[in-house]
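These notes concern the structure reproduced below.
The values are calculated or read from the model by the stated rules, or taken from the named source; none is laboratory data. Quick caveat: nothing in here was measured; it's all calculated off a predicted structure. Cβ placement follows ideal geometry from the backbone for every residue including glycine, while neighbour counts extend to all protein chains displayed.
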Amino acid sequence: AGAVYDPGVRAGSLHRGAAEVLEGNWTGTSTVPSRRLYPHQWSWDSAFVAIGLRHLSPLRAQTELETLLDAQWGDGRIPHIVFNPSVPLEAYFPSPDFWRSSTAGRAAGAPRTTQTSGIVQPPVHALAAWLVHRSDPGLSRARGFLSRVYPRLAAWHRYLLHRRDLGGGGLASVVHPWEQGMDNSPAWDAPLSRVTPAPARSFRRADLDHGAAEDRPTDLDYGRYVRLAADYRDGGYADGRGGFAVEDPCFNALLIASEHALARIAAELGATGTARDARAERLTAALVERLWDPAQEMFLCRDVIGGALVPERGVSGLLPLLVPGLPREIVSALVRTAHGPHFGLGGTTRLVPSYDLLGEAFDPHRYWRGPAWFNTNWMLERGLRLHGELGRADALRTALLETAGASGFAEYVDPYTGEPCGALGFSWTAALALDLLH
Ligand code: 9WN
């Protein structure tokens, strides 16, 4: 692995530690994000896990993605949670009896026996499938891995591009903060304020049994999450204008990166990927046209119902750096913003925070309102490297590896000190550290 994270002894024990986390969280067919806090399969977690797992076992990495895809709905959506039937209902909220996927989701083609949620998460899957294939093309071909996953991934993207273009400008919208994956980001505060919270006594938060209340979203946020999800369910999970619709930069950037990956997969299967690459380029143009803010030098979220950009700087707005065809001046601006006073890379912070250090809502410990997460840092590292910012990418890789190991593979950390927050032994932290070691 050449220049990667030295000295070798520390790299060796980091590798061992990360492998142990993934071993401990493996259920036999997929990986839980955390044994206690998140005891089921999560969609984007599994994609990140597969990206790391491919260095330990390409077969398990393929299985991880195939298990998730087995729970895909007939309309193409990949649910954000696939429930493990042997885990007690009380272990996680909202549980299968809240989502009622097999009945409420029938018109949308939810699986009959497997229980899932009815919302989605960011489309990292095609990118993950391509990277998993590349780690062992012989095994992948022998098992027909790509030919089995390709039609499912294509249906997934079709769902997002057709059913979820709620803004009409060519981008996919999320209809719930859990879909975007950064649950209580300050970018949601204004669009969420229109939603009437469900009464606090109408549900019981299992997350507070395992996570510190001051590190987790508030009860008021939860009331709104519950209302939005219940309304979506009660409408049979049909897509249209509900109470919340946002175009998010990270979600759409991952869709673009995954479209490019699908083009590579199509080519590997002997088809032509040019139509997909062309679509990825159109999506890139729509991303820039609809979400780029030249004054803030970053991408912002668009509130589709209110109709305006949300003036909050979240890490999501830096992550389109992942997109290959981004205009050069936008790349330079994003690199400046990540390394400037709002995100502090190379200066005050160790890892990129989830939210603006100078923002009014900044809190270094509260979930997606400031702490640094390892998946966002991995995406940023990849984007820096892709655009030739090798010195900065190397620095971020070293910081990520050091912090992952020192924090016990924490779910997230204080962006200044690296102090661990949330669950320890968190799967994507271990998986993405492993990926950067290779
Ligand atoms: C709701 C599993 C998931 C991640 C999300 C993260 C958190 C769930 C929760 O955990 O969300 O989906 O209960 O807080 O915000 O990104 O996929 O790790």
Report summary line: Contact list, first residue from segment 363-379 and without any contact (Cβ under 8 Å) to a residue 12 or more places away in the chain, second anywhere and more than 11 Å from the ligand (Cβ to nearest atom) and not acidic (Asp, Glu), beta-carbon distance below 8 Å, six or more apart or interchain, is Asp363/Arg369; Asp363/Gly370
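Is it the case, given these coordinates, that Asn184 is polar (S, T, N, Q), buried (at least 16 other Cβ atoms within 10 Å of the Cβ) and within 16 Å of the ligand (Cβ to nearest atom)? Give the steps one after another, and end with the answer.
Details: polar (S, T, N, Q): yes; buried (at least 16 other Cβ atoms within 10 Å of the Cβ): yes; within 16 Å of the ligand (Cβ to nearest atom): yes.
So Asn184 fits the description; yes.
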Query raised in the report: Restricting attention to segment 364-381, which residues are crowded, with 22+ Cβ neighbours inside 10 Å and more than 15 Å from the ligand (Cβ to nearest atom)?
Result: Leu380, Glu381
Report task. May I ask you to verify whether Ala395 is surrounded by fewer than 24 Cβ atoms within 10 Å (Cβ to Cβ), assigned to a helix (DSSP H, G or I) and of a type in the set (A, V, I, L, M, F, W, C)? Result -> yes
Query raised in the report: Applying the selection to segment 221-239, what residues are in contact (Cβ under 8 Å) with a residue 60 or more places away in the chain, farther than 11 Å from Ala104 by Cα and more than 22 Å from the chain's Cα centre (by Cα)?
Result: none
Requested in this report: Return the only residue of Ala431, Ala404, Ala410 being within 16 Å of the ligand (Cβ to nearest atom), touching a Leu at 6+ places or on another chain (Cβ under 8 Å) and not in a helix (DSSP H, G or I).
Outcome: Ala410
**Report entry** Residue check, Arg112 under 30 Å from Arg16 (Cβ atoms) and among the basic types (Lys, Arg)
**Finding:** no
Query raised in the report: Is at least one residue of segment 39-60 of a type outside the set (D, E, K, R), part of a loop (DSSP other than H, G, I, E, B), within 15 Å of the ligand (Cβ to nearest atom) and in contact (Cβ under 8 Å) with a residue 40 or more places away in the chain?
Result: yes
Requested in this report: From (1) in contact with an Asp or Glu (Cβ under 8 Å, 6 or more places away or on another chain); (2) more than 12 Å from the ligand (Cβ to nearest atom), pick out the condition that doesn't hold for Ala129.
Outcome: (1)
**Report entry** Matching entry among Arg106, Arg77 (being modelled with pLDDT of 95 or more, within 23 Å of Ser147 (Cα to Cα) and in a loop (DSSP other than H, G, I, E, B))
**Finding:** Arg77
Query raised in the report: Hey, does segment 164-175 have a residue that's within 16 Å of the ligand (Cβ to nearest atom), buried (at least 20 other Cβ atoms within 10 Å of the Cβ), modelled with pLDDT of 95 or more and closer than 23 Å to Trp42 by Cα?
Result: yes
Query raised in the report: Can you spot a residue in segment 83-98 that is away from the ligand (no atom under 16 Å from the Cβ) and in contact (Cβ under 8 Å) with a residue 60 or more places away in the chain?
Result: no
Requested in this report: Sort through Ser147, Ser202 and tell me the only one that's out of contact with any Asp or Glu (no Cβ under 7 Å at 6 or more places or on another chain), modelled with pLDDT under 95 and more than 15 Å from the ligand (Cβ to nearest atom).
Outcome: Ser202
Query raised in the report: Quick one: is Gly24 more than 14 Å from the ligand (Cβ to nearest atom), of a type in the set (Gly, Ala, Ser) and within 23 Å of Leu161 (Cα to Cα)?
Result: no
**Report entry** Pick from segment 185-220, criterion among the hydroxyl-bearing types (Ser, Thr, Tyr) and free of Cβ contacts under 8 Å to residues at least 40 places away in the same chain, ranking: nearest to Asp414 (Cα to Cα)
**Finding:** Thr218
Report task. Only one of these is closer than 17 Å to Ala230 by Cβ and among the charged types (D, E, K, R): Arg77, Arg100. Name it. Result -> Arg100
Requested in this report: Pull up segment 262-304, narrow it to residues that are in contact with a His (Cβ under 9 Å, 6 or more places away or on another chain) and of a type in the set (Gly, Ala, Ser), then point me to the one that is nearest to Leu318 (Cα to Cα).
Outcome: Ala280
**Report entry** Condition broken by Ala271, with the remaining ones in (1) at pLDDT 95 or above; (2) not in a helix (DSSP H, G or I) satisfied
**Finding:** (1)
Query - Selection from segment 290-336 of residues that are without any contact (Cβ under 8 Å) to a residue 12 or more places away in the chain and of a type in the set (A, V, I, L, M) - result: Ala295, Ala308
